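Read the figures in this text as sums done on the coordinates, not as results from a lab. Fair warning: this is a prediction, and the values are worked out from it, not measured in the lab. Don't worry about glycine lacking a Cβ; one is built from the backbone with ideal geometry, like all the others, and counts go over all protein chains shown.
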Amino acid sequence: METSWVESANDSKTDFPLLNLPFGVFSTSSLNQRIGVAIGDSVLDVRACAEHGLLRTLDPAVQHACAGLTLNRFMSQGRRALSSVRTRLMEILRVDAAPELRIKTERLLHRMSEVTMQLPAAIGGYTDFYASIYHATNVGKLFRPDNPLLPNYKYVPIGYHGRVSSIVISGTGIKRPSGQAKAADAVSPVFGPSRLLDYELEIGFLVGEGNVLGEAIPISKAEDHIFGLCLLNDWSARDIQAWEYQPLGPFLAKNFATTISPWVVTMDALEPFRATAFERQAGDPQPLPYLNSEPNRQRGGIDLTLEVWLSSQRMREMKQPPARLSKGNAQDLYWTLAQMLTHHASNGCNLQPGDLLASGTVSGPLKESAGCLLEMTQRGAEPVQLPSGELRKFLEDGDEVFFRGYCEREGHPRIGFGECRGIVLSAS
């Protein structure tokens with residue numbers, strides 16, 4: 001197994017071993033924002049690596065892209081360029097790297113606790129899908145008991161365009177949104193702070209190389225256009241959503257905040273954890289030809305464990321550890337990442353480097369694998385009890401929600417995503 005001279009990267013519990021090297025954008029008290037990679041408990045300054053000649057064996061255009069303020073220019077170089085940079089960084093961080101190479105590189109490391117993470121890219125577009133059949137069915141049963149899953153679901157990856165300006169980095173406080181809501185027994189709606197605030201556990205994936213307006217991306221090439229994955233919380237105001245979503249779908253109930261984790265895990269790092277696509281039930285239609293391929297069926301899924309944790313204000317005051325609310329897996333997505341991206345571009349929509357796509361809430365077949373409180377509490381009918389004795393139907397002010405994601409397989413180091421964290425602030 002590959003090891004690094006950065007000792008913390010060899011810890012079996014780290015999210016960031018040598019074979020991960022996720023990309024992000026960071027700053028320090030003395031350095032403006034720049035591209036970096038996570039290695040153990042440190043961040044390697046990729047821009048400085050380029051400036052100090054550590055990447056001089058790479059294509060000049062790729063070296064220049066590594067000096068950007070965001071990942072966008074680097075993303076536009078394509079997956080082959082990404083792989084070349086990742087391979088070179090592994091060479092200089094490997095335990096058997098030449099001593100002079102190690103001395104040069106050590107100076108470019110920063111303790112993760114001393115950096116400030118920024119959004120990894122200038123995000124031009126954000127699309128949220130609805131790719132978990134368990135989530136779609138569970139939510140459908142709450143609102144349409146006799147017809148929970150709409151007839152188009154098994155044919156087309158459903159999605160909507162979200163708001164880019166309210167995408168925030170992990171750790172940003174989330175102010176409780178206000179909006180219109182109408183109680184079932186009320187004559188008319190009222191305007192005020194949402195009372196049914198929820199989280200949604202999702203996978204985000206960022207576009208690398210884009211496509212020309214009017215040209216589709218075939219399923220066989222889709223993953224070449226995915227730069228990497230992050231964790232994503234699509235915060236949702238369920239009372240506002242229930243009143244406003246018909247006939248045009250999500251609006252103010254969704255666009256007030258979306259939190260993403262700062263590190264983007266590459267498809268190369270996830271390669272050992274690939275899995276078959278979701279196994280459709282007998283009688284389910286097969287994907288239409290443009291969404292169907294043998295490689296996607298065999299390796300379109302990812303064995304990625306996803307967890308939701310919550311810490312209430314009272315729990316923190318009592319010095320109690322956070323409570324895990326759920327544990328699921330990305331293999332429960334009905335549609336693969338490649339299918340979502342291919343469908344997005346199938347009408348000629350021009351995806352661009354840094355565009356963010358999201359899976360929608362990832363839920364499994366069990367209550368313990370529900371990706372949001374709406375499902376877990378059955379719209380508040382079955383509250384969750386916290387270790388402090390508190391009950392939660394939906395989120396309260398002071399609740400801190402954080403997601404964790406990781407891949408584990410025998411013979412391979414654990415690959416983690418870090419955390420996607422946010423605390424609920426009062427509306428006032």
Starting from the amide H of Gly36, placed 1.01 Å from N in the peptide plane, find each other amide H under 5 Å away whose residue is 5 or more places distant or on another chain.
-> Gly24, Val25, Phe26, Val46
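Sum -39500 (n - 2.57) across every DSSP H segment of at least 4 residues in the chain, then divide by the residue count to get the 222 nm mean residue ellipticity, nearest 500. The partial results should precede the final answer.
Values: 12 runs with 86 residues, N = 428.
Using -39500 (n - 2.57) per qualifying helix, the result is -5000 deg cm²/dmol.
Name the chymotrypsin sites (Phe, Trp or Tyr not before Pro) in the stretch 191-245 that are in a loop by DSSP and that have at most 13 other C-beta atoms within 10 Å, would you? All intermediate terms of the calculation are to be shown ahead of the outcome.
On the way: sites: Phe191, Tyr199, Phe205, Phe227, Trp235, Trp243, Tyr245; in loops: Tyr199, Trp235, Tyr245.
Sparse-neighbourhood loop chymotrypsin sites (Phe, Trp or Tyr not before Pro): none present.
Determine, for each peptide in 359-368, 171-180, the mean count of other beta carbons within 10 angstrom over its residues, then list the peptides with the highest first. Let's see the in-between values first.
On the way: 359-368: 21.5, 171-180: 17.2.
Result, highest mean Cβ count within 10 Å first: 359-368, 171-180.
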Taking the Cα centre of each part, how many Å lie between the stretch 146-211 and the stretch 270-285?
-> 26
Here Rg/Rh (Cα, Kirkwood) for the chain equals 0.97
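Looking at the stretch 301-336, which trypsin sites (Lys or Arg not before Pro) are DSSP coil and have at most 14 other C-beta atoms within 10 Å of their C-beta? Walk me through the numbers before you get to the answer.
Details: sites: Arg314, Arg316, Lys319, Arg324, Lys327; in loops: Lys319.
Here the sparse-neighbourhood loop sites are Lys319.
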Mean-square fluctuation maximum in Gaussian network of the chain, Cα pairs under 10 Å, restricted to His135, His225, His52, hits His52
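How big is the Kirkwood radius of the stretch 99-180, worked out from every pair of different alpha carbons and given in Å to one decimal?
Values: mean 1/r = 0.0564 Å⁻¹.
One decimal place: 17.7 Å for the Kirkwood radius.
If you wrap a convex hull around the alpha carbons of the stretch 132-217, what volume per residue comes out, as a whole number of Å³?
Details: hull volume 17.1 nm³, N = 86.
Here the figure is 199 Å³ per residue.
Can you tell me what percent of all Cα-Cα pairs in the stretch 43-101 are more than 18 Å apart? It would help to have the intermediate numbers written out before the result.
Numbers: 482 of 1711 pairs.
Taking all Cα-Cα pairs of the stretch 43-101, the fraction more than 18 Å apart is 28 percent.
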Among 140-151, 60-71, what's the highest-first ranking by average C-beta atoms within 10 angstrom per residue?
-> 60-71, 140-151
Inter-part gap, Cα centre of the stretch 46-73 to Cα centre of the stretch 354-428, in whole angstrom, is 36
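Given Cα pairs under 8 Å that are at least 6 residues apart, what percent is the relative contact order of the chain? Please list the in-between numbers first.
Values: 1028 pairs, mean separation 90.3, N = 428.
Reported relative contact order: 21 percent.
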Sorted from fewest to most neighbouring beta carbons within 10 Å, what does the list Thr342, Thr377, Thr57, Thr116 look like?
-> Thr57, Thr116, Thr377, Thr342
Looking at the stretch 1-95, which trypsin sites (Lys or Arg not before Pro) are DSSP coil and have at most 16 other C-beta atoms within 10 Å of their C-beta?
-> Lys13, Arg56
Stokes-Einstein D for the stretch 7-118 at 25 °C, 0.890 mPa s, Kirkwood Rh over Cα pairs, in µm²/s?
-> 175
In vacuo Debye scattering of the stretch 321-428, one point per C-alpha: log10 I(q)/I(0) at q = 0.17, 0.20 Å⁻¹?
-> -1.04, -1.21
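Placing +1 at every Lys and Arg Cβ and -1 at every Asp and Glu Cβ, with all other atoms neutral, what dipole size does the chain have around its Cα centre, in debye to the nearest 20? Don't jump to the answer; show the numbers that get you there.
Working: 42 positive and 47 negative charges, 80 e Å.
Using only the charged Cβ atoms, the result is roughly 380 debye.
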